[in-house]
Amino acid sequence: DAYLSAADLTHAYLYDADLPNANLTDADLPAAYLYGANLTDADLTNANLINANLTNANLYGATLTGATLTGVTWSNTTCPNGNVNVGTTPCA
């Protein structure tokens, strides 16, 4: 389990990162490249994900409460509820 609460990960390259159960509360992830990242059950409460790329990412069970999701790239993303996003509509 990674503890990255309030971490500044601006422009981080996290391709295929394995971060299940990560604590990313209040983390700064603008423009982060999270393509294929495993974020199952991660806590992204109040995280800044502006312009992040979540293509093929797995967010199953993740918490997105209060997260800033403006400009996020969604494509084939597994949403927290288990639905797979096949378009550009954000995960709810």
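The values are calculated or read from the model by the stated rules, or taken from the named source; none is laboratory data. Bear in mind the structure is a predicted one, so any value in this text is a computation, not a measurement. Cβ atoms come from the backbone with ideal geometry, glycine included; neighbour counts cover every protein chain shown. Areas reflect the complete protein model, heavy atoms only, side chains present, ligands, DNA and RNA absent. Shrake-Rupley method; radii C 1.70, N 1.55, O 1.52, S 1.80 Å.
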Long-range tail of P(r) for the range 13-67 (Cα pairs > 19 Å, %)
9 percent
Could you give the length gained on full extension between T70 and Y15, defined as 0.36 nm per residue of separation minus the Cα-Cα distance, in nm?
17.8 nm
Result for the chain: accessible area per residue, probe 1.4 angstrom, in square angstrom, of 49 Å²
How large is log10 of I(q)/I(0) for the chain at q = 0.15 Å⁻¹ when the intensity is taken from the Debye formula with one equal scatterer per alpha-carbon?
-0.43
Local net charge near A67, Cβ-Cβ under 13 Å (Lys/Arg +1, Asp/Glu -1)
-3
Would you tally the net charge around G36, using a Cβ to Cβ cut-off of less than 15 Å, leaving G36 out, and scoring K and R as +1, D and E as -1?
-2
Take every DSSP beta bridge with both residues inside the chain and express the antiparallel ones as a percent of the total, to the nearest 5.
15 percent
Pop out the carbon and sulfur fraction of the accessible area of the range 18-92 as a percent, whole number, probe 1.4 Å.
47 percent
